[in-house]
1. Antiparallel versus total DSSP beta bridges in the chain: what percent is that, nearest 5?
2. Using modelled backbone amide H atoms (1.01 Å from N, in-plane), which distant-in-sequence or interchain residues come within less than 5 Å of residue 172's amide H?
3. Pairs of alpha-carbon atoms within less than 8 angstrom and 6+ residues apart define the contacts here; what relative contact order does segment 177-256 have, in percent?
4. For a quick check of your reading of the filter: which trypsin sites (Lys or Arg not before Pro) in segment 537-571 sit in a DSSP loop and have no more than 13 other Cβ atoms within 10 Å?
5. Relative contact order (percent) for segment 59-145, with alpha-carbon contacts under 8 angstrom and 6 or more residues of separation?
6. Quote the FRET efficiency, to the nearest 0.05, computed for residue 366 versus residue 43 with a Förster distance R0 of 25 Å and r equal to the Cβ-Cβ distance.
7. For residue 351, what is the net charge nearby, where nearby means another residue's Cβ is under 14 Å from its Cβ and Lys, Arg count +1, Asp, Glu -1?
8. Could you tell me which label, among [x] 44; [y] 26; [z] 50, carries the value of percent of Cα pairs over 39 Å apart calculated for this structure?
Amino acid sequence: MTETKTLYAAYAALIETVLTDLVADGVLPAGTSFANVTLEPPRDASHGDLSTNAAMVLVKGAGMNPRALAEAVTAKLAAFPAITSADIAGPGFINLRLAPDAWLTELQAIAAMGADYGRSQMGAGRRVNIEYVSANPTGPMHMGHCRGAVVGDALASLLEWAGHRVTREYYINDAGGQVDTLARSVHLRYREALGEDIGAIPEGLYPGDYLKPVGSALAETFGDKYQSAPEAEWLPTFRTEAVARMMELIKSDLAMLGIHHDVFASEAELQAAGKPEAAEAWLRAHDLVYDGVLEAPKGKAPPEDWEPIELPLFRSTRFGDDQDRPIKKSSGAWTYFGADLAYHMQKAESSDELIDIWGADHAGTVKRIKAAVAALSEGEGRPIPFDVKLVQMVQLMRGGEPAKMSKRSGNFITIADMIDEVGKNVVRFTMLTRKPEAQMEFDFVKVVEASKDNPVFYVQYAHARIRSTLRKAAEAGFAPDAAGLAQLGDEEIALIRRAAQFPREIEAAARAREPHRIAFFLYDLASDLHSFWNLGNDRVEKRFIVEQDASLTGARLFLGQAIGQVIRNGLGVLGVEAVESM
């Protein structure tokens, strides 16, 4: 990666240099931290190019009012020729205006850095484990999994762009009763493949046609060996075979979305390796698990069959939970929480930070698993930041009406169905056009509309327009050329200003763990590009290709090529391909 410094990074460093000088001058006290000083675009573009809160956040240590400190800062900034003005606004914000050359230099930085423009070392190689999807291995992927899959994958890519080392993990829930149900459903299809009339699928089994190929494959493998055998003989084998084949199906569906995990962790293997027992021993050694009796259910009379039973309880109330949680059932089997606790301990062994992407229906378990990781942090004596991102379900529509279900699955529309109809790029980008915690509709008709109201089309069209213009220019003998950049005017500079925000948007989105911010940025950049393009519809001199002015044409093509690169980089973060034509 090239060492070229981007504009926001360069001016942030300049602000820090000025503040360091003020410390040396005695205006600011020694040891003043600049950690909360920001540099960003003003909310109102008419106020300038850059804005800093330096005087507002450092005033307490300086022992003067914010405007007085702002005057000391602006006096030093005025010495830099690239800063044409430094004005104080309101109680002490500082707004800077830059000479056009500063933006033209940034345009050349975009060209120089190319596919690396926007990458950052902010994460400093911190190891972040992101667990996402983790669907029960009982069928193909559906919309309940799709949004979380895309959010998790885009977040992983975003954090890598920001300098983190990311592990993409999938937790296979293959130790619960749902896997027994799957095995029984597969055994039914196995008997069907052997020619048996199985009739209607019994209530409680999985009805989808996706199990027919699995039954056929097992019929070829085992013949009629298990057709009439008692369940105890075939259940373990069919559990293993069914889970393996379902995971092949799930991985295939995820690959259609462009998603590949680094680690597939099995709950069954976790338990077989004694990880929950080891976790319990560790927790007891740190006084985080004790033997106690759960309180009776609150708010109503206890059920007739309820009785106080001593169970191993995790001290989750110590970490903000409303009650301590059992890690084992009265049968001695591990609770889901107990197994999950052991799993997070395993992940933490090789990570500096954990992030889980869950469906909103898991909201009730967030507090207790956060308590578990907090306990782990306390016990190990090192902070292990842990965040859970809850993703709302998506309502599938077709022209404003609820979409019909899929035959393949039996009762839902699969990811494969969606991608077959509208394509991977549309699915991925659309999933990131809302905050994950917000409700969302996915309308099969609207997501392929060629309109400004469709963000997927609008951003892709901006890139395709640029690529088409570059091809047309090449045919006419023109090429991008930086020699004439000084001819670019206010409209072009405004476009560069927007593109130049990409590196800081990457860092801000990474800090907030919010990849949808990049989708929002791309829409704004595309909107600016289309607005500039439309100027040329009425005024020939505003077009990208001005045949009578080769120097201006070369400069605008250089600009267009750079804007296309930023769009391409942003789409790459989101796992969306930038199309060459539309």
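1. Working: 22 of 45 bridges.
Antiparallel: roughly 50 percent of the beta bridges in the chain.
2. 265, 266, 267
3. Numbers: 63 pairs, mean separation 31.1, N = 80.
That works out to 39 percent.
4. Values: sites: 539, 542, 543, 556, 568; in loops: 539, 543.
Filter output for segment 537-571: 539.
5. Numbers: 53 pairs, mean separation 13.3, N = 87.
It comes to 15 percent, rounded to a whole number.
6. Working: r = 33 Å, r/R0 = 1.34.
Working from the Cβ atoms, E equals 0.15.
7. Working: positive: 126, 127, 165, 168, 347, 382; negative: 131, 169, 262, 349, 352, 353, 356, 380, 387.
Value of the local net charge: -3.
8. Here the calculated entry is [x].
Since every read-out is calculated from the coordinates, none of them should be taken as a lab result. Since the model is a prediction, treat every value here as computed from it, not as a measurement. Counting neighbours? That spans all protein chains shown, and the Cβs are built from the backbone with ideal geometry, glycine included.
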